Amino acid sequence: MGVELAILAVGPVVAGTAYQAERGQSAARQQKRSARAQAEAQRVSSAQQENERQAAIRQQIRQERIRRAQVVSAAEAAGVRGSSVETSTIGSGQTLQAAGSAFATGATEAANVQSGFLQQAADYQSSAQFDLVQGQLGGAIANLGKSAFAMGGG
């Protein structure tokens, strides 16, 4: 009877240990995926920061052009009403408005992409945790088999 019990106990030990090892490997894969997704989110964030820096530089250049145009406009407005300078000042204001709108849209898109990568990283971490818990269950099954083996005189 002891041999039969020992044989029956070996099955859960082997199965539980193998399952625990497989779940551990799966958790490691999920954690690597999570790290890659987090790194991608960081790259998107860095690119967005660079875009913001470049936009600030462009904004300064635009403001300087506007100041110059206003000076020229004021000088010429004294004698030349409805000139092309006046039209160009109005046009530059419209250009600034359009550029600001485009920048805001780009910032929103970058935030959405970054959010997607961070969510993906969180999903991978969650999956890794689930795999680790399943691996612990496999370890518990293996320990149960070991206990049964020990009780059977093995």
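The values are calculated or read from the model by the stated rules, or taken from the named source; none is laboratory data. Because the structure is predicted, anything quoted here is derived from the model rather than measured. When we count neighbours, we look across all protein chains shown, and the Cβ atoms used for this are built from the backbone with ideal geometry, even at glycine.
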Qualifying positions in segment 37-47 - surrounded by fewer than 18 Cβ atoms within 10 Å (Cβ to Cβ) and touching a residue at least 12 places away in the same chain (Cβ under 8 Å): Gln38, Glu40, Ser45, Ala47
Within segment 21-36, can you find the residues that are crowded, with 18+ Cβ neighbours inside 10 Å and without any contact (Cβ under 8 Å) to a residue 40 or more places away in the chain? none
Among what's in segment 48-67 and is surrounded by fewer than 14 Cβ atoms within 10 Å (Cβ to Cβ) and among the aliphatic types (A, V, I, L, M), pick the residue that is farthest from Asp123 (Cα to Cα). Ile61
With respect to Leu137, determine if the residue is modelled with pLDDT of 80 or more and either more than 30 Å from Gly11 (Cβ to Cβ) or assigned to a helix (DSSP H, G or I) (or both). yes
Which pairs have Cβ atoms under 9 Å, sit 6 or more apart or on different chains, and link a residue in segment 135-146 that is farther than 25 Å from Arg29 by Cα to one that is among the polar types (S, T, N, Q)? Gly145/Thr17
